[in-house]
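Q: The structure is given below, and queries will be raised subsequently.
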């Protein structure tokens, strides 16, 4: 199965990259911009069944490795038919 | 007194750190590869600067899971000294051995400059009385912007865990924090490089006193032996 893990800076954590991209968007005349946050997308391909035990292990690696809970949030989506 | 300098793939401050302790302080020092399982009875474990594992994912995120980290964790739990410089500091934060995290510099630039740093009253050995109110050390990093939540910052301040603050904040760090210790006082981390400030040809030699202060936090008698 395919899993897309999205890691984003926490809402209350400064995001210097997002701010810089925001400045560039403004200078391109992209009006009405209210905020930019830059995160990352991690695509996993796993040979496993979507069970509660698998979800627990997935949550574990998202928390321990793929994101840093001090500064980042994560969410994931399991791609149907992936 | 034995010093272990950990080498990760991508470490580049390992030789500087080795010489800080070996030549600068004249202490028995050796390298330990990140895949080793033991520290061989080291009194202080130094995690050097660089880009361990390419800093992929986040600075220090992969290094945190290197095999040697289990031994470092056990060493710290036993009260042993652990000292992270620059990337080493980032690794210790990722590993949860120090609180907080380091993100991209607010200016988005890699900053490589000499910094004036105020010495905070943290421990008997790491204090303005021991080191003087201000020291100069170089920084060299793109991700030295220290972040911690409000409750964590209050705890750091209340426990006097801040070691050094930038006189002019180069990276956006909260509270201008340049270096911290853990609550117990045996794990130290800082973005500035004492390992690049101890030779006669360096712009500052304050790195010697900083390394000595870290060691003296656990071995007070060292102050006299290496002075």
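The values are calculated or read from the model by the stated rules, or taken from the named source; none is laboratory data. Owing to the predicted nature of the structure, the values given are computational and were not obtained by experimental measurement. Ideal geometry is used to build each Cβ from the backbone, glycine not excepted, and the neighbour counts take in all protein chains shown.
Q: Wholly within the stretch B:66-128, which strands (runs of 3 or more DSSP E) include no fewer than the required count, namely at least 1 residues that are farther than 29 Å from residue A:38 by Cα and away from chain A (no Cβ under 14 Å)? Step through it out loud before you land on a result.
A: Numbers: elements: B:81-85, B:101-103, B:111-119.
The qualifying strands (runs of 3 or more DSSP E) are B:81-85, B:111-119.
Q: Still on this model: So is residue B:55 modelled with pLDDT under 95 and either under 18 Å from residue B:193 (Cα atoms) or in contact with a helix residue (DSSP H, G or I) (Cβ under 9 Å, 6 or more places away or on another chain) (or both) or not? Break it down into steps so the answer makes sense when it comes.
A: Values: modelled with pLDDT under 95: yes; either under 18 Å from residue B:193 (Cα atoms) or in contact with a helix residue (DSSP H, G or I) (Cβ under 9 Å, 6 or more places away or on another chain) (or both): yes.
So residue B:55 passes the test.
Q: Kindly evaluate residue A:53 against the criterion of being more than 23 Å from residue A:11 (Cα to Cα), part of a helix (DSSP H, G or I) and away from every other protein chain (no Cβ under 13 Å). Break it down into steps so the answer makes sense when it comes.
A: On the way: more than 23 Å from residue A:11 (Cα to Cα): yes; part of a helix (DSSP H, G or I): yes; away from every other protein chain (no Cβ under 13 Å): yes.
Yes, satisfied.
Q: Among the residues of the stretch A:25-41, is there at least one that is within 14 Å of chain B (Cβ to nearest Cβ), in contact (Cβ under 8 Å) with a residue 24 or more places away in the chain and exposed (fewer than 12 other Cβ atoms within 10 Å of the Cβ)? Talk me through it step by step, then tell me what you get.
A: Kept after step one, since they are within 14 Å of chain B (Cβ to nearest Cβ), are these residues of the stretch A:25-41: A:36-41.
Those left that are additionally in contact (Cβ under 8 Å) with a residue 24 or more places away in the chain: A:37-41.
Of the ones still in play, those that are also exposed (fewer than 12 other Cβ atoms within 10 Å of the Cβ) are A:41.
Scanning the stretch A:25-41, I find at least one residue that is within 14 Å of chain B (Cβ to nearest Cβ), in contact (Cβ under 8 Å) with a residue 24 or more places away in the chain and exposed (fewer than 12 other Cβ atoms within 10 Å of the Cβ), so the answer is yes.
Q: Find the residue count for the stretch A:56-82, including only residues that are assigned to a loop (DSSP other than H, G, I, E, B) and more than 21 Å from residue A:18 (Cβ to Cβ). Step through it out loud before you land on a result.
A: Initially, the stretch A:56-82 is screened for residues assigned to a loop (DSSP other than H, G, I, E, B), giving A:67-71, A:80-82.
Next, from what is left, pick out any that are more than 21 Å from residue A:18 (Cβ to Cβ): A:80-82.
So the answer is 3.
Q: Something else: Restricting attention to the stretch A:14-37, report how many residues are touching a helix residue (DSSP H, G or I) at 6+ places or on another chain (Cβ under 8 Å) and within 18 Å of residue B:172 (Cα to Cα). Full working, then the answer.
A: So in the stretch A:14-37, the residues touching a helix residue (DSSP H, G or I) at 6+ places or on another chain (Cβ under 8 Å) come out as A:33, A:35-37.
The next check asks that each one be within 18 Å of residue B:172 (Cα to Cα); those that pass are A:37.
So the count comes out to 1.
Q: So residue A:14 ticks every box in (1) more than 11 Å from every other protein chain (Cβ to nearest Cβ); (2) surrounded by 16 or more Cβ atoms within 10 Å (Cβ to Cβ) but one. Which box is left unticked?
A: (1)
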